[in-house]
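One structure is given below, encoded as structure tokens.
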Amino acid sequence: MDPALIHELKALLGPANVLSTREDLMLYEFDGSVEKGRPDVVVFPHTTEDVARIVKLANRFAVPIVGRGAGTGLSGGALARGGGVMLVFARMNRILELDLENCRAVVQPGVVNLEITRAVEHAGLYFAPDPSSQKSCTIGGNVAENSGGPHTLASGLTTNHVTALELVLPDAEIVRVGNRHGDSTGYDLCGLLVGSEGTLALVTEITVKLTRKAELVKTLLAVFDAVGDASRTVAEITARGITPAACEMLDGWTLAVIENYLRAGFPRDSAAVLLLEVEGLREAAESQAAAIDEICRANHAREVRTARDAQDRDLLWKGRKNALGAMGRLAPSNYVLDGVIPRSKLPEALERIHEIGTSAGFRIGNIFHAGDGNLHPIILFDPRDKEQFARAIATAEQIIRMCVSLGGSLTGEHGVGMEKNELMTLLFSDADFDLMRRIHDAFNPDSSLNPGKIFPVSKGCGEIRVGRHSKTAETRA
Amino acid sequence: MTIAANLAARLEGVVGSSRVLASEAELLGYAIEDCLPAAAVRPSCSEEVCEVVRFAAAEKLGVVCCGSRSKLQMGMQAQRYDVALDLCALAQIAHYDEADLTLSVDAGMRLEALSKVLAAKRQFVPLAVPCLATSTVGGSVVSGIDSMLRLQYGTARDFLVGAEFVDGTGRTCKSGGRVVKNVTGYDIHKLLIGSLGTLAAITRLNFRTFPLPETSAGALTGFSSAEAALAFRRELLGSGLPFSCVELFDGQFSSLLDGELGRLKDLGFAPLKAGGWSLYTAFAGEEAVVRRMKSEVENRSARAAAKSFEMLEEQRNEWLGDALRESFDWLRHAARGVVIVRISQKQFATQGPKLFLSNPSSSGWRSALLMSGSGTVMLALLPEEENESGREEMLCSVREILAQGNTGENTAKLLHAPAWVKAHCNVWGDLRGDFLLMQRVKAAFDPARVFSPGRFVGGI
């Protein structure tokens, strides 16, 4: 990294907004994934104009730029794979406007997901996308990855809740796409940008939809003595046309780990539980809860209980959302996978995961969004053991390949990033990649933004040109 | 041999003679305004679509994709219209996993045919668009026309999970998948929604399907003033009650609607009671939910001192709902030279028609207004008679509406208008700061500008 760039960045933003020592940079070389990539300098813009100026500077020095929120991502999307300038949005964290009557909020990208809900809950509103990391992840990161969460089953992913964006393009131009009503004329650029993993533009302002709280929410916990019974229950709920607000599955082994850690009220001796939530008008929520209860019991649930009150409900969700923290007590590291399958294939997929784990010598935990077929197998491993690490990576790939073979997809909410870019060829043809590359180049012709993500960088079909800004991509940690 | 005949002959060489239409009588059905293509091609598979597009790109031809052609007149005239690419022969369900509530269907399949297949499994795709009986799945998505169920189910953006299409280089590409949750790669299929066929020839679309509600009902509440009706609309939309639609219309629209529904008189349809300003609400779900919604609407109507109230039971609700869904279609045929403007504004806008027109009545034309719960407004101007001075007055009004409708974050565009109006107005409204990006996206999909050149925003 040219020291002159760091000098100019400090002059532009002030020294407090620029990090460049090795110790400081080490904090930014990880995210929630197993990937690694260290930036050469980290900067904290405060305004859109700051972002545009940083981009201009980086262009002048021909170094790549990577945007980052809280660094909670799970696919290496916010890692500086090719070094360069990491632009951390943590200090662009203001809620700029609340239009409660029209259910809209305009926010900066560094606003923490849950803060939006906290700002509007007094008016009976909330921001629906709720990743497990919602207490720390930022809305900018959610937009980049098109994040989901347990409640996306009924309410959709981030893309369904974003209507407009302000962007800084790689040439430092500031552009707005979409509009407040989610109804702008022309191509749906907002729809393209959400989930583009920071490879097309830097997002500096976001207009989100707010959702009205339901009249009644009922949370059910169904306990099963066989995993197959739980997965068949999910398949039947789906096939019966019932769309719960959330439908999460946790396997028995994982449950015991969570319960020992959090005392959330989960059984320690079950094979699996389903955490289900229905909401809506009182009449709808009650009848759906009754139907789900019936389906669970018909599929041999040994117990179906309903959360008694908000406190009981919050405790169950705390157990679900902090599950990864609990797993962290068992091994030095864990690899949270993210694959999608058709919901009708759930029983088969869970059996296959078990088989793959057994033959690879791993005990694989399963905590996932069963209602939308979004699997999150968790592989516990020790990254210091190189053989074990390589085996964990190979096992993960096998599971993702299995998802694709069942008619599913590579990722339901974590993104491709640098975790699965080489696996993209499982789904996409040369022609698909060629079009994706042309769209990429329409925004980011020199690959100066977040190079080495989404597209395969190894030899083979769909290889993307690495632009003048990016160094050779690092290999896996 | 004429240039047109020569082109048709060469296309026959590409896809076979049975797939090419070239007589004037056949081509009349493909006219956009008064412009006919040199040939129409009806490919039988996506490979043939690729062949035609490659041929067109090499020959620098303009290709307009179409299905049932019910919305072919939307947008501007094509700068080049050599070939109509009729995708109606691609009409199969490629994959339907009813247990997963996912569907993959050819773009040329008619919505009505698809609905029958899904209804047998008590499912549906919430594309309640005008011309439902003839519309194809692809046309409904690519036209961007509003679905009457948008308030509850959103736009196609919210339930289209993937697509296959032929880009401007003649290659089959795909985006998304067949699962309900997927963030793999760019969401390219979202760009196709409402793109008026300017990016690609869509061959297949993947949807999330939804369970058909157990039962449904509707109500019609009448008001003496726009202010009272708007206040009631505001109350309902802010209530959090799960309406499937909330449609507000003025007296002129109401009388046209009554006329449209008059054809059902022999089937026992009694005229609408409302008159003045009317608010139609519909709701669906389990019996208990519908019962509750009925009582909510009835009680709230009484409290709002409505002029009239009618609970619409099954058949009558279906008739009225269908007529409202089809309003774009019957309004455009209600008189010669009808202009329909679509305006998108805040959901809770309290302004009535005066927002768009300083003088909402004229000796030369009548206006009819329909305001949907999602915030979109359809404003139709119906000429009393066509003459030169009437035209000038009409044009001034259309321009005023477009100018008013395109302020701030609001947008306004011409959904339907005669050629002479389109020639003097900005059909798609004002260009915004993102137009340059749109041009680049167009170039990425269609570098040779094969697809519908000039028909979309800014002449893309």
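The values are calculated or read from the model by the stated rules, or taken from the named source; none is laboratory data. Since the structure is predicted, the reported quantities are computational estimates derived from the model, not experimental observations. Every residue, glycine among them, receives a Cβ derived from its backbone with ideal geometry; neighbour counts consider all protein chains shown. Side chains included, ligands, DNA and RNA excluded: accessible areas come from the protein's heavy atoms. Shrake-Rupley method; radii C 1.70, N 1.55, O 1.52, S 1.80 Å.
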Separation between Cα centres of the range A:1-47 and the range A:243-261, rounded to whole Å: 38
Ratio of Rg to Rh over chain A (Cα coordinates, Kirkwood Rh, two decimals): 0.97
Debye, to nearest 20: dipole size of chain A, +1 on Lys, Arg Cβ, -1 on Asp, Glu Cβ: 640
Accessible-area order (highest first, 1.4 angstrom probe) of the listed residues A:166, B:287: B:287, A:166
Cα long-axis angle, helix A:430-443 against chain A (0 to 90 degrees, to the nearest 10): 50
With every protein chain in place, the range A:331-405: carbon and sulfur % of accessible area (1.4 Å): 50
Chains A and B together, accessible area buried on both sides, 1.4 angstrom probe, square angstrom: 6200
Surface share of carbon and sulfur [accessible, 1.4 angstrom probe, percent] for the range A:216-324: 46
Positive dipole terminus of the protein assembly as shown, leading residue within B:293, A:224, A:64 (C-beta point charges): A:64
Between 0 and 90°, nearest 10: helix B:314-325 axis offset from chain B longest Cα axis: 50
The range B:1-54 versus the range A:97-111: alpha-carbon centroid distance in Å: 50
Zero-based 5 Å bins, Cα pair distances in the range A:122-200, whole percents: 3, 15, 23, 24, 20, 10, 5, 1, 0
Sequence of A:203, A:234 when ordered by accessible area, the most exposed leading, probe 1.4 angstrom: A:203, A:234
Options A:334, A:376, A:289, ranked by Cα towards positive dipole end of chain A, top entry (Cβ charges): A:334
Computed over the range A:321-401: relative contact order in percent, which uses C-alpha pairs under 8 Å that are six or more apart: 36
Overall dimensions of the range A:216-324 by Cα: Rg and Dmax, Å: 12.9, 37
Chain A - percent relative contact order, Cα under 8 Å, separation 6 or more: 16
Residues along the range A:432-446 losing 30 Å² or more of accessible surface when the other protein chains are present rather than the chain by itself (probe 1.4 Å): A:432, A:435, A:436, A:438, A:439, A:442, A:443
Inter-chain Cβ neighbour average for residues A:340-346, partner chain, 10 Å: 6
Dipole in debye (nearest 20) - the range A:95-212, about Cα centre, beta carbon charges: Lys, Arg +1; Asp, Glu -1: 320
Per-residue mean of C-beta atoms belonging to partner chains within 10 Å, peptide A:191-197: 6
Computed label-point distance, nm, for sites residue A:429 and residue A:387 using a 7 Å Cα→Cβ extension: 4.3
Accessible solvent surface per residue of the range A:3-88, calculated while the other protein chains remain in place, 1.4 angstrom probe, Å²: 36
Most to least accessible of A:293, A:430, B:250 (protein chains only, probe 1.4 Å): A:430, A:293, B:250
For residues of B:169-176, the mean tally of beta carbons on other chains within 10 Å: 4
0 to 90° range, to nearest 10: angle between helix A:3-13 axis and chain A longest Cα axis: 70
Label-point separation, residue B:234 to residue B:214 (7 Å along Cα→Cβ), nm: 3.6
Where only C-alpha atoms are counted, convex hull volume of the range A:328-377 per residue in Å³: 71
Distance cut-off 36 Å, percentage of C-alpha pairs in the protein assembly as shown lying past it: 50
Rough spin-label spacing in nm, given labels placed 7 Å along Cα→Cβ, for residue B:423 and residue B:45: 4.5
Under the Debye formula (equal points on every Cα, no solvent term), log10 I(q)/I(0) of chain B at q = 0.08, 0.10, 0.12, 0.13 Å⁻¹: -0.48, -0.76, -1.09, -1.25
